[in-house]
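What follows is a short report on a single structure.
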Amino acid sequence: MKPPAFDYLRAESIGDVLDGLAQQGGDARVLAGGQSLMAMLNMRLAKPKLLIDIMRLEELRKIQRKGDTVIIGAGVRQADLLAWPDLVDALPLVALALPWVGHMQTRSRGTICGSLAHADPSAEMPLTLVALGGEVLLRNAKRRRRVAAKDFFAGMMLTARSDDELIEGISLPVIKGSRAAFREVARRHGDFAIVACAAMKTSTGVRLAVGGVADVPTARDWPRLEGSALDDALNAFAYELGARDDVHATARYRRDLVRMIGRDLIGEVLQ
Amino acid sequence: MTRLKADARHSVRFSLNGKLVEGEAEPRMLLSDFLRHQLGATGTHVGCEHGVCGACTIIVDGMLTRSCLTLAAQVEGCELRTVEGLAPSADRLGVLQQAFRRNHALQCGFCTAGILMSLDHYLAGNPTPTEAEIRDLLSGHICRCTGYTPIIQAALEAAAELASSKKETSDA
Amino acid sequence: MVQAAVQSANSVDQSDDRPWVGRSIERVEDAALLSGGGRFIDDLGVAPGTLHATILRSPHAHADILSIDVEAAKRLAGVAAVLTGEDVKAVTTTLVVGVKAPVECWPIAMDRVRYVGEPVAVVVATDRARAEDAAELINVEYRPRGAVVDPLSALVSGVPVLHDGFPGNLASERAFRYGDPEKAFAEAPHRFSIDIRYPRNSCTPIETYGVVASHDAGEDAYEVLANFQGPFSIHTVIARALKVPGNRLRLRTPPDSGGSFGVKQGVFPYIVLIAAAARVTGKPVKWIEDRLEHLTASVSATNRATTLSAAVAADGKILALDWDQVEDCGAHLRAPEPATLYRMHGNMTGAYDVRHVKIRNRVVVTNKTPTGLNRGFGGPQVYFALERLVQRIAISLGLDPLDVITRNLIDAGTFPYRTATGALLDSGNYQEAVARAVAQGRLAELKARRDEARAQGRLYGIGFTAVVEPSVSNMGYITTVLTAAERRKAGPKNGAQATATVGLDPVGSVTVHVASVPQGQGHRTVLSQVVADVFGLQPKDIRVNTEIDTAKDAWSIASGNYASRFAAAVAGTAKLAAERVAGRLARIAASQLNVEAADIVFAKGFVASKHNPENRIAFSRVAALSHWSPGSLPDDAGQTIRETVFWTPPELTPPDEDDRINSSLCHGFIFDFCGVEIDRTTLETRIDRYVTMHDCGTILHPGMVNGQIRGGFAQALGAALYEEYAYAEDGSFLTGTLADYLLPTTTEVPEPEIFHMETPSPFTPLGAKGVGEGNCMSTPVCLANAVADALGVADITLPLVPARLAELVRGDEPPPPAGGATTAPVREGDRRLRGEGQASVKGAPEQVWAMLLDPATLQSVIPGCQRVDKITDTHFGADVTLGIGPVSGRYRADVELFDLDPPRAVTLRGGATGALGFGNAEGRITLAPDGNGGTKLAYSYDAAIGGKVASIGGRLLDGATRVIIGQFFTALARKAGGGGAAGGGFSLFALLAKVASLFGGRR
Ligand SMILES: Cc1cc2nc3c(=O)[nH]c(=O)nc-3n(C[C@@H](O)[C@H](O)[C@H](O)COP(=O)(O)OP(=O)(O)OC[C@H]3O[C@@H](n4cnc5c(N)ncnc54)[C@H](O)[C@@H]3O)c2cc1C
Ligand code: FES
Ligand code: FES
């Protein structure tokens, strides 16, 4: 389990990163916290010719609150965000979900944006981005663009990012007065979710977002529903997500969790 | 910008337990291998090389770090701490290490270095942890021998002892 | 909770008069281990110029090897050699197989692979990374065969057969009869049966295997350093395979080993392989197994299918047992298998007094990793059936399960007790142990908790189990697999030689050497206590060495660290050796102090007269005398420099004519009970309280005994709730990373409440019995019994994956909304991926048809396609180098078209192979005019993927497949419409590469 050979570029400016990506395209990989990429390299599932280490770039390390949005740079580690004093106030859902990402020893290095770039369907940060309706800030050597969360995730570990783009950061809305709830079921503490659910009160009712079931985290908005109407809506949603079996859980079990946890969380945020 | 070529060895320099060290590594060399086989710091162990077992955990610039998920080239100029730097002197164990010995918190000792590093790092910032917090912290490690309880007991005892000795020094 | 439990182990009383044995002193091993000074195999330097090996392994569960092309690998800079089966065969011979049959067992595939992960080639290079680079350049052509993974299916006629030398897949079959079981069954008022599938799992030490081997061509002798754990009977197997006499295989072990739990016995085929590589290259070769290799292909415990029936009286008394066991040893019967099946043979009645027993034992081979030693070794499989049945008997007869247990326990007055199948249970008082556990573990209160929980509608249950834990194996038990006549021919095998050496140096300090090969059990500490007591010294005065060097040390085939033999056998032997030396020292001291030898005591560093303690002489003075002045020793004293004692218990006799076998020397007793709750939402099993009562004879070091119990408990909890080496029906291995093979962590393991009772063994020098494996036998079934009680169900299969309980707890699922999505039922273990979809294409069907059949178009839509060879009009081959996402790899593909119905429909069938795995698929494409000059294209497919990607990325496989297949048709549609967008090709190679790119990062 030793990685294949690659060049290593320690970027000293964003320009270095974008040039590297422009030149090497699909053969280059951004190295952020390494908590996913390095395991993949050790298993020789990935064979980039170039790794571009972005973690020395001060300008990517910022967490900025600007009015009703929070911008989180690509160099912000999961532990940095957890330690951000405004987190609970500005991004209560993130505060609830982030401790579920791996372990203290992986959050200390793994980045928020790396988790989004990696786009594991069971990962908590993509779910949170979708639940909050955030945006991904992409940039290549020529231009910048913003992609809405729901358009960013294209499939299992597939995103709208092109090979030559850096995720510079993300933008998350601060939703005033919103109550949020989050729950996750995994085989063991710290594992990727079998099912993760996030719920939020919205101006028109409630939003439920689910990770770990469909190929991408998926959100659904409902008006205030109760009783059997809510049960029916949850049941329909659970089936629409197209759950499948794997060694850790069955499709039916996943649907059960969507129905049961979804109901609990919606109750929690609406009470 | 520094670009290190794949097929060549490049010098890597950093501080290891307070001492400047230097060696040569290809870009692909893992930090765990560099520490163990280039520098001879074999106290850091390797159990999975995919980030799950925690045996290789060390501290880099104040961050808990899986050395198997880190390239040697990435720590150029950084400050590293490993199990070799825990004891106050060669013939004396530190408070945490003593608590491990007292509580039989290790059997084969293969997982131990990583666990000690996580605890050392955590207790420095959280002097009065609960059992639940220690269990949460250590869920990033696998020990196959002990069943964990003695480890948790050792951690709690060490925390108490460290806190009281700190108190004594500040009282004095 | 933690506090109280650990406390008792810690209170170290230093008051001097008590013996050291029995105290929880701090371990001598720990200072080094706690400060990075351990000396594990990969920490030790190697000779300059040592080469590093990596192993290319089979992605297939069962296939013929048609060809292996190693040229490109050999040409890579830094590569010293590439060995295939043929090269290994040239310098070795097959490993011996444990049953009499014309089959071979090589450490590397010869012309056929029989399990995923079987070695196919060994690459030796200047470093590991380069060796892995080269391994990727090896081209192996396989012809897949059907695979068989289930032990009962393996016996059905017509299924694929693994070895021609075994009839079907049956490697061994024996029937046994003790007492008169037929009569007992005929006369009993009740008969109860249970069918059990015990899963595969492993104790997975955190340190993996390691081997460093060199070969001296001049003397044709091998020197090997390996973290092997014994039994050293395997030394003979290795030497034979390497075609040298035992004295030309010097096998050493490193000072420290990172856990084993039996598993490191399984390093031996790799010792042969790496030694062969050393011989071929003429250089020392080192191999450190990586975690993926370990999970896929080290060893696992056996999985077993058991039908157990009991003849039962109305009061729950078991009158007879009828066992039908089918043991699955994986693809090869590697030494010492089928030992897992026979290790418990004397103990098939557990803790119960049952005089009539019938046993049918079958051993089968399947396309899975070969099995080997694992903590518990046969015990978990047996007790799961027996103790589940005891619970079922109680429920069926309306009795309390605990009453049924106590009614059947062997009577305290009957020890030593000979079981029906031949074991001689040394000592115990099972009734007393149960009574104490019930009181100390507060069973009454636990039952109240259960009642309260149930009243609130919660799922709460209590489980019980009683277990006899055998230790110190009889080296002859495995011969029970042979008939009495075969045994007579082969010659007797029995006993369990333990060795220990005590030496005194010229300044009178004491050294102890044993061949016990600890992997963390603190042997050095315990031996220092034992020997300190004999000499009246302190443990710190005794230096213990537990490394083994077969060229220099005293050892026997029984040496090693297994069957919990240390405390009972090895520590006792060290005591005997020390006593022998002490006896001579007493004679010397007596002559110097002018007293009788009988008046001599060893205490506080002195050898003194009992009657007149002032009349004394320093221990070191007496101890050194043999070195400095042998002439002044009394004539009858003999030397005191070094004494090696060999000890084997006379009770361990070979199987008798009626197949009765005393398979182990000591028998501890365990009684467990626990309360568990199943969460109504997540269906997770939470342990509320776990009580475990142990009688392991005399306790030498309470801290370490509790350490063994807790460690075993945690592993057993893993086996019960999390761990399984899972295989798909096609033999693909599905749990190849520590993210899929789930080991319990701090947040999953509670503290068991441990209680002790001490009934010394009359058969061991210290009265101690083994304690290391008991909870691996008792805990899985105790938890299962509790879950069965909570859910009120009869059948429980391990591991208790929450999802598997959904039907049991909740019944049928709510149906999908009318008109909504439906889900096709999927059989468990069926990993074929199926799907369908459609796309709209601008061109007419004829145009699209032409594209599908045109190599040039195919070449242009398949990314990275260097070449499409048209073999016939409807058969294509292709070489592809793919770089999709982060992955790039070479793939060779072969696609055929069938059932052509131009321009309406076609079936594609094909396969692809590359470094990351292989795939095969069949797809049907239909084209229909859409009425606007375009085409409606519909497709359905059925694909299977195996190899590396399946074992390390199973969770995400089928989603990715659907994405890629969908992408291909979208791309094709664009191409037809002149869009020209590059997409994935309908190519398994594209699919594989893409899929592969997706998994690496999973934790
Ligand atoms: C033991 C363990 C448990 C884990 N458990 C969980 C869990 O429960 N939930 C969970 O969500 N995750 C989990 N993870 C993964 C998580 O820790 C990773 O942090 C995260 O998936 C990736 O973040 P990273 O910064 O480490 O990215 P890296 O590993 O460095 O990169 C991941 C991928 O994203 C790309 N990338 C990274 N940053 C950028 C960027 N700025 N622009 C473009 N591309 C980029 C990389 O090229 C790479 O392909 C676990 C990991 C481990 C080791
Ligand atoms: S070796 Fe790094 S986490 Fe296991
Ligand atoms: S002490 Fe052996 S793995 Fe923890």
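The values are calculated or read from the model by the stated rules, or taken from the named source; none is laboratory data. Note that the coordinates shown come from a computational prediction; the quantities given were computed from them, not determined experimentally. Note that each Cβ is placed from the backbone with ideal geometry, even for glycine, and that neighbours are counted across all protein chains shown. For accessibility, only protein heavy atoms count, side chains too; no ligands or nucleic acids. Shrake-Rupley method; radii C 1.70, N 1.55, O 1.52, S 1.80 Å.
Things worth noting here:
- Per-selection Rg to Rh, the range C:543-609 - Cα, Kirkwood hydrodynamic radius: 1.13
- Spin-label model, C:Asp679 to C:Ser591: label points 7 Å out along the Cα-to-beta-carbon direction sit 7.5 nm apart.
- Rounded percent of accessible protein surface that carbon and sulfur make up, chain C, 1.4 Å probe: 50 percent
- Chains A and C together bury roughly 5100 Å² of accessible surface, counting both sides and using a 1.4 Å probe on protein heavy atoms.
- Of all accessible heavy-atom area on the range A:96-216, the percent that carbon and sulfur account for (1.4 Å): 50 percent
- Interface burial in the range C:186-207 reaches 20 Å² or more for C:Ile206, C:Glu207, comparing the full protein assembly with the chain by itself; accessible area from heavy atoms with a 1.4 Å probe.
- Phi angles of the range C:722-739 translate, via the Karplus equation with coefficients 6.51, -1.76, 1.60 and θ = phi - 60°, into HN-Hα couplings of 10, 8, 7, 7, 9, 10, 7, 4, 8, x, 4, 9, 10, 10, x, 10, 6, 8 Hz per residue; Gly and Pro are given as x.
- The translational diffusion coefficient of the range C:144-247, from Stokes-Einstein at 4 °C and 1.567 mPa s with a Kirkwood hydrodynamic radius over alpha carbon pairs, comes to 65 µm²/s.
- Shielding by other protein chains, C:733-745, mean Cβ within 10 Å: 6
- Farthest toward positive dipole pole in the range B:10-84 [+1 Lys/Arg, -1 Asp/Glu at C-beta], among B:Cys56, B:His10, B:Leu31: B:Cys56
- Dipole axis of the protein assembly as shown (+1 Lys, Arg; -1 Asp, Glu on Cβ), positive-most option in C:Pro380, A:Ile14, B:Leu138: A:Ile14
- A straight line joining the Cα centroids of the range C:509-586 and the range A:158-177 runs 64 Å.
- Debye, to nearest 20: dipole size of chain C, +1 on Lys, Arg Cβ, -1 on Asp, Glu Cβ: 800 debye
- Overall form of the range B:122-163 per C-alpha gyration tensor (a/c, 1.5; a/b vs b/c): prolate
- Using the Cβ-Cβ distance between A:Gln271 and C:Arg810 with R0 = 25 Å, the FRET efficiency computed as 1/(1 + (r/R0)^6) comes to roughly 0.45.
- Within the range B:75-102, the residues that become at least 50 Å² less accessible when every protein chain is included than when their own chain is isolated (1.4 Å probe; DNA, RNA and ligands ignored) are B:Arg101.
- Shielding by partners for peptide A:49-57, expressed as the average number of C-beta atoms from other protein chains within 10 Å of each residue's C-beta, is 3.
- All C-alpha to C-alpha distances of the range A:7-53, sorted into 10 Å bins beginning at zero, yield P(r) values of 30, 55, 15, 0 percent in whole numbers.
- Considering helices alone, the calculated mean residue ellipticity of the protein assembly as shown at 222 nm is -8500 deg cm²/dmol, with DSSP H runs of length four and up weighted by -39500 (n - 2.57) and normalised per residue.
- Per residue convex hull volume, Cα atoms of the range A:180-270, in Å³: 83 Å³
- Per the accessible-area calculation with a 1.4 Å probe, the total area buried between chain A and chain B rounds to 3200 Å².
- Chain C: angle of helix C:774-791 to the longest principal axis, Cα-based, in degrees nearest 10: 60 degrees
- Considering only Cα atoms, the convex hull volume of the range B:89-172 works out to 97 Å³ per residue.
- Dipole check for the protein assembly as shown: with +1 at the C-beta of Lys and Arg, -1 at the C-beta of Asp and Glu, and the Cα centre as origin, the magnitude is about 1340 Debye.
- Options C:Cys782, C:Gly772, C:Thr369, ranked by Cα towards positive dipole end of chain C, top entry (Cβ charges): C:Thr369
- The range C:446-580: projected area of the alpha-carbon convex hull, averaged over directions, in nm²: 14.8 nm²
- Fluctuation leader among A:Asp246, A:Asp163, A:Asp151 - chain A, Gaussian network, Cα springs under 10 angstrom: A:Asp246
- With all protein chains in place and a 1.4 Å probe, the accessible surface of the range B:1-57 carries 48 percent carbon and sulfur.
- Taking all protein chains into account, the per residue accessible area for the protein assembly as shown stands at 34 Å² (1.4 Å probe).
- The accessible-area loss of the range B:49-72 on complex formation, taken against its chain alone with a 1.4 Å probe, reaches 50 Å² or more at B:Glu49, B:His50, B:Val52, B:Met63, B:Leu64, B:Arg66, B:Leu69, B:Leu71.
- Using alpha-carbon coordinates, inclination of helix C:957-976 to the longest axis of chain C, degrees: 20 degrees
- Links that overshoot a 26 Å alpha carbon limit, given the list A:Lys49/A:Lys150; C:Lys575/C:Lys604; C:Lys243/C:Lys575; C:Lys89/C:Lys283: A:Lys49/A:Lys150; C:Lys243/C:Lys575
- Here the 3J(HN,Hα) profile of the range C:357-367, calculated from phi with Karplus coefficients 6.51, -1.76 and 1.60 at θ = phi - 60°, is 9, 10, 9, 10, 10, 10, 10, 10, 10, 9, 7 Hz, Gly and Pro shown as x.
- Treating each Cα of the range B:1-143 as an identical point scatterer and summing with the Debye formula, the log10 of I(q)/I(0) at q = 0.17 Å⁻¹ comes to -0.94.
- Hull volume in cubic angstrom per residue (convex hull over the Cα atoms of the protein assembly as shown): 198 Å³
- Efficiency of FRET from Cβ geometry, C:Ala448 and C:Arg642, R₀ 56 Å, rounded to 0.05: 0.35
- Per-pair calculated FRET efficiency, R0 = 45 Å: C:Ser396 and C:Asp658 via Cβ, rounded to 0.05: 0.90
- Loop sites by DSSP among the GluC sites (Glu not before Pro) of chain C, restricted to those with at most 12 other Cβ atoms within 10 angstrom, leave C:220-613 as the longest stretch without any of them.
- Principal-axis analysis of the Cα atoms of chain C puts helix C:379-397 at an angle of about 90° to the longest axis.
- nm² value of the averaged projected area, convex hull over the Cα atoms of the range C:224-347: 10.9 nm²
- Modelled label positions at C:Ala850 and C:Glu104, each set 7 Å beyond Cα in the direction of Cβ, lie 5.6 nm from each other.
- Buried solvent-accessible surface, both chains (B, C), 1.4 Å probe, Å² to nearest 100: 4400 Å²
- Equivalent-ellipsoid semi-axes for chain C (Cα gyration tensor, √(5λ), whole Å, largest first): 56, 36, 25.
- Three-way shape label, the range A:58-173, alpha-carbon gyration tensor, a/c 1.5: rounded
- Cα-projected label distance for B:Ala90 with C:Glu896, points at 7 Å along beta-carbon direction, nm: 7.2 nm
- Shielding by partners for peptide C:724-731, expressed as the average number of C-beta atoms from other protein chains within 10 Å of each residue's C-beta, is 1.
- Nearest-20 debye value, the range C:534-686 charge dipole, Cβ charges on Lys, Arg, Asp, Glu: 900 debye
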